[in-house]
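Asker: I am attaching a structure below and will ask some questions about it afterwards.
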Amino acid sequence: MVRRRTVLLGLIVGSVMAIADRGAILAAEWSMEPSLGIKGEYNSNLILTAAPHEATYGHWVSPTLKFSGATENLDISGKTAADFVGYYGGVERGLTNLYFPASVRYRMDKHTLSFDGGFTRDNTLRGELLQTGVVLGFTQRNLWTLAPSWTHAVTERLSLQGTYNYSNASYENGGRLGLLNYEVHGGTLAMSYQLTEKDRMQVIGTYTNFSVPAANALRSNIGGVQMSLAHSFTDTITATVTGGPQIVTSGIQVRAVHPQDTQVVWVASGNIRKQWADGYVELVGGRQINPSGFGLLIRTDRIGINMAKDLTETLTVSLSGQVFFASSVTSSVAPIPLPTSRYVNMTPMLRWKFDEWWAVDVAYTYGRRDLDSLDQTGIAHAATFMLTYYPPKLAVGR
């Protein structure tokens, strides 16, 4: 299965690149940016449990290689990264996280072919928690994503875009932890129109098929329409708001019986951003429907803030914080809902780039998970210290 997905990923990227002229690819400007980070971590409650627990200590070794290439028509970028993690104390285990994202853009006169996707191996208390706001069992997740798209410029103001989205998640020891592998197929068709120099409107049709083969062939089909409006108040203040109804039809197969039900869930997202020469602040929020390793669709309401400011040429302070309210999308065919949960995450960080090739990051993270119906609360305090080495950038040109 892994080999088949790797071949599929290669075929899609290869198809986009094959359109470009081979000579242009050879004439591209290529660059590589390696780095190596060493991090120490203290966490008072790594798995956010409400039960008695001990503090966990960890060490991370994180090599990374970013790469990019560009011609007049073609842009390629990506990253190869890993985290070699060792935990001891309250949690005793070793983890290996892997990250292989890739992005390809090929532009023609009125058409743009794009591909975004890759492979991620992380743990459930990182990627999936910060997407859904739901704490799963502590294990590693393998996630494949593919998102090829085609954009056509009808006029200078009007464009059409079609995108196919695929993702597949599998969990290490998932059966023992009550986690189920899932697969998602979907697509969007969007029409964008530039109303004015400062306003852009989109009408987006969406379809998603969420399936959990191990759970009586559970399937959920989600279709809907969303409206989006982006506005630039000034050169440094921008805002975007998107929303619309989603029709969720869920069903299972039990022998010859196919029970199903249908409901409407409204989703929305928005952000407003202020940019300065030496920093920015951004407010984000919304409601989304997300797949989950519990074999259910999760409705996640989220509000957050991200900000950063350069105090000096070498010192940068940043803050990211989010509040999640999460519950399962109720369905009569999957009548065991998850309890409604709240999750709060707040991380201030200070970066000191004390040398051209060296930087130190010091961060504190506050995390809190509440399950009101079970009267459970888990609170975590974490501190990290990371030293990163940035060797000289490698670049070759025409």
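Asker: Give the cross-link partners of Lys353 among the lysines, using a straight C-alpha distance below 27 Å as the criterion and excluding same-chain residues fewer than 8 apart.
Answerer: Counting by Cα, and skipping residues close in sequence, Lys353 has these lysines nearby: Lys39, Lys66, Lys79, Lys274, Lys309, Lys393.
Asker: Here's another thing I want to ask about it. Net charge within 13 Å of Pro34 by Cβ-Cβ distance, Lys/Arg positive one each and Asp/Glu negative one each, not counting Pro34 itself?
Answerer: +2
Asker: Mind checking which aspartates and glutamates have their C-alpha under 17 Å from Lys198, skipping anything on the same chain fewer than 8 residues away?
Answerer: Cα-Cα hits under 17 Å: Glu156, Asp235.
Asker: Counting only helical runs of four or more DSSP H residues, what would the 222 nm mean residue ellipticity of the chain come to if each run contributes -39,500 (n - 2.57) and the total is spread over all its residues?
Answerer: It comes out at -2000 deg cm²/dmol, rounded to the nearest 500.
Asker: Continuing with the same structure: Given (1) 60, 54, 47; (2) 65, 46, 40; (3) 57, 53, 42 as candidate values of Cα extents along the principal axes in Å, which corresponds to the one derived from the coordinates?
Answerer: Read-out taken from this structure: (1).
Asker: May I ask you to list the GluC sites (Glu not before Pro) in the range 85-172 that are in a DSSP loop and have at most 16 other Cβ atoms within 10 Å of their Cβ?
Answerer: Hits after loop and neighbour filter: Glu92, Glu156, Glu172.
Asker: Counting only Cα, what are the radius of gyration and maximum Cα-Cα distance Dmax of the range 136-189, in Å?
Answerer: 17.3, 55
Asker: Additional query: Out of every Cα-Cα pair in the range 258-311, what percent are more than 16 Å apart?
Answerer: Result: 62 percent of Cα pairs exceed 16 Å.
Asker: Can you put Arg157, Arg302 in order, fewest other beta carbons within 10 Å first?
Answerer: So the residues, fewest neighbours to most, are Arg157, Arg302.
Asker: Using only the Cα atoms of the range 119-160, construct the convex hull and provide its projected area averaged over every direction, in square nanometres to one decimal.
Answerer: 4.5 nm²
Asker: With the Cα gyration tensor of the range 326-398 giving a ≥ b ≥ c as the square roots of its eigenvalues, does the rule (a/c under 1.5 for rounded; else a/b larger than b/c for prolate; else oblate) give rounded, prolate or oblate?
Answerer: Oblate shape, in that a/c is at least 1.5 and b/c is the bigger or equal ratio.
Asker: By its C-alpha gyration tensor, with a ≥ b ≥ c as the square roots of the eigenvalues, how is the range 91-190 shaped: rounded for a/c under 1.5, else prolate for a/b larger than b/c, else oblate?
Answerer: prolate
Asker: Could I ask something else about it? Taking neighbour counts of Cβ atoms within 10 Å as a proxy for exposure, in what order, fewest first, do Leu387, Leu48 appear?
Answerer: Fewest-to-most Cβ neighbours within 10 Å comes out as Leu387, Leu48.
The numbers here are math on the coordinates, done by the rules we state, and not lab data. Predicted model, so just to flag it, every value in this text is computed and none were measured. For neighbour counting, all protein chains shown are included, and Cβ atoms are generated from backbone atoms with ideal geometry for every residue, glycine included.
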